[in-house]
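Chemist: For reference, the structure I am asking about is given below.
The values are calculated or read from the model by the stated rules, or taken from the named source; none is laboratory data. Note that the coordinates shown come from a computational prediction; the quantities given were computed from them, not determined experimentally. As a convention, Cβ positions derive from the backbone with ideal geometry for all residues, glycine included, and neighbour counts pool all protein chains shown. SASA here: full protein model, heavy atoms, side chains in, ligands and nucleic acids out. Shrake-Rupley method; radii C 1.70, N 1.55, O 1.52, S 1.80 Å.
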Amino acid sequence: MNEFRPFRYGSRFVMAAIVVSAATLLPVSWAVAAEMPEMAPQTKASIQQVEMLVGTLRDSGAMSGPDLRQRRARFEALMASTPDPTRVQIRRVDANGVDGNLIWPARLHHPIGRRAILYLHGGGFYSGSLRTHRNVAAALAKAASADVLLIDYRLAPENGFPAQRDDAVAAFRWLLTSGYKPGNIVVAGESVGATLAIEVVLNQLRLRGTLPAAVVAMSPIADFSATGASLTANASSDPFMGKSELALIAGAFAGDRSPADPDISPLYGNFSGFPPLLIQVGSHETLLDDGMRLADKIRQAGGNASVEIWPGMIHQWQIFPFWLSDAQKAIGKVAEFAIAHFADKPAQ
């Protein structure tokens, strides 16, 4: 794995790495507990990597300050200094009016056009782009032996709800009209990208439209009304996400709409008929409770939800595979889940 390079955003802050058991943070239903695989303890190397990541993110200024456009520019600058993905092909596409990158493994016999993952990036609805999330999308394409459609959906505060969801739905329908069968499409995202991934499917359910084979929600924000117990329990261990951050994001994205509106916070949606869902969340996240409650609600509606709680991980750690070994492993788990639900399995 690549070590941290000496970017101008040097690490100054060291965060204590304390593995928190989910059982000490919130009540977990037996239904959800049955779908929670046991995770290996966090290693010393992983602890050090997370400490360095936290310091780098703090120094970049991409996760703090009231000016969302300034945050966006700083995050772009940080991610522009990271390595470009390798061993993939990338083609610019117009996905029903939404700018996107179609990314697939650079392999001689890779069947482009058969299996697809629609990847919806995080960034608080105000940041994130084709460049900032190209690495995670490329890593997922290689691990899942699938085409990954990464889209540049419209951002807040310039564009509020429903622009982001409309762009995500348009991209999903582009995959359908481009020849991908529903059984070979998985919708995935991290942070607010996970929020969008869930909302795309809820929208399709309301309209009785075509559904994907499965959904992946990494560090999902499921409840902008901030009622999760872990928002308090994990406040000292999650450096970038809390009640004030949720309020800031909701204000830019949702405007005057209620944060408990199912279109804004998927936790309040109707999950009857929802496809199989994988949730990944870090034990240090304030949003740990969001993922647990979301899984519980889906199972109560008769659906299938699996939850992975990754020891010591912070919000949306998966987008840093060039710095975190646990990001690489998490992407591998997402790929395994996608492959398990594709109608046409990739050749071994």
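Chemist: Out of Leu196, Ser236, Ala252, whose Cα points farthest toward the positive end of the dipole of segment 171-269 (charges: +1 Lys, Arg; -1 Asp, Glu; placed on Cβ)?
Modeler: Farthest towards the positive end: Leu196.
Chemist: Separate question: Measuring from centroid to centroid over Cα atoms, what is the spacing of segment 76-90 and segment 141-207 in Å?
Modeler: First find each Cα centre; the distance between them is then 21 Å.
Chemist: Using +1 at the Cβ of each Lys and Arg and -1 at the Cβ of each Asp and Glu in the chain, identify which of Ala226, Met79, Ile112 lies farthest towards the dipole's positive end.
Modeler: Selected residue: Ile112.
Chemist: With springs only between Cα atoms under 10 Å, which of Ala229, Ala139, Ala305 fluctuates most in a Gaussian network model of the chain?
Modeler: Ala229
Chemist: While we're here: With the calculation restricted to Cα positions, what are the radius of gyration and Dmax of segment 52-120 in angstrom?
Modeler: 16.4, 48
Chemist: Also, I was wondering about something else. To the nearest 10 square angstrom, what accessible area does Met39 show with a 1.4 Å probe?
Modeler: Approximately 50 Å² for this residue.
Chemist: With every protein chain left in place, what is the accessible area per residue of segment 70-193 in square angstrom, probe 1.4 Å?
Modeler: I get 34 Å² per residue for segment 70-193.
Chemist: Give me the net charge of Asn270's neighbourhood, meaning all other residues with Cβ under 11 Å from the Cβ of Asn270; Lys, Arg count +1, Asp, Glu -1.
Modeler: Neighbourhood net charge equals +2.
Chemist: What net charge is computed for the residues neighbouring Ile90, neighbours being all others with C-beta under 12 Å from the C-beta of Ile90, Lys and Arg scored +1, Asp and Glu -1?
Modeler: +3
Chemist: If the reach is capped at under 12 angstrom between alpha carbons, list the aspartates and glutamates near Lys181, excluding any in the same chain fewer than eight residues apart.
Modeler: Partners found: Asp344.
Chemist: With +1 on each Lys and Arg Cβ and -1 on each Asp and Glu Cβ, and nothing else charged, work out how big the dipole of the chain is about its Cα centre, in Debye to the nearest 20.
Modeler: The dipole magnitude comes to about 820 debye.
Chemist: Using the Cα centre of segment 168-307 as the reference point, and only Cβ charges (+1 on K/R, -1 on D/E), how large is the resulting charge dipole? Debye, rounded to the nearest 20.
Modeler: For segment 168-307, the charge dipole is close to 600 debye.
Chemist: Still on this structure: What do the square roots of 5 times the Cα gyration tensor eigenvalues come to for segment 187-277, in whole Å, largest first, as semi-axes of the equivalent ellipsoid?
Modeler: 24, 15, 11
Chemist: Report in % the part of the accessible area of the chain that belongs to carbon and sulfur, leaving out ligands and nucleic acids; probe 1.4 Å.
Modeler: 52
Chemist: If you don't mind, another one. With the crude spin-label approximation of a point 7 Å out along Cα→Cβ, what separation in nm comes out for Glu336 versus Arg107?
Modeler: In this crude label model, Glu336 to Arg107 measures out at 1.8 nm.
Chemist: Read through the labelled values (1) 0.93; (2) 1.02; (3) 0.96 and report the label of the one computed as Rg/Rh (Cα atoms, Kirkwood Rh) from the structure.
Modeler: Given (1) 0.93; (2) 1.02; (3) 0.96, the structure-derived one carries the label (1).
Chemist: Another question, if that's okay. How much mean residue ellipticity at 222 nm does the chain get from its helices, if each DSSP H run of length 4 or more adds -39500 (n - 2.57) and you divide by all residues, to the nearest 500 deg cm²/dmol?
Modeler: -11000 deg cm²/dmol
Chemist: Still on this structure, I have one more. Per residue, how large is the accessible surface of segment 303-348? Use a 1.4 angstrom probe and give square angstrom.
Modeler: Result: 33 Å² of accessible area for each residue.
Chemist: So which helices of the chain fit the span-like rule, where a helix is a whole DSSP H run, its Cα atoms reach 20 Å or more along the axis, and its mean Kyte-Doolittle is at least -0.5?
Modeler: 44-60, 163-177, 192-206, 325-341
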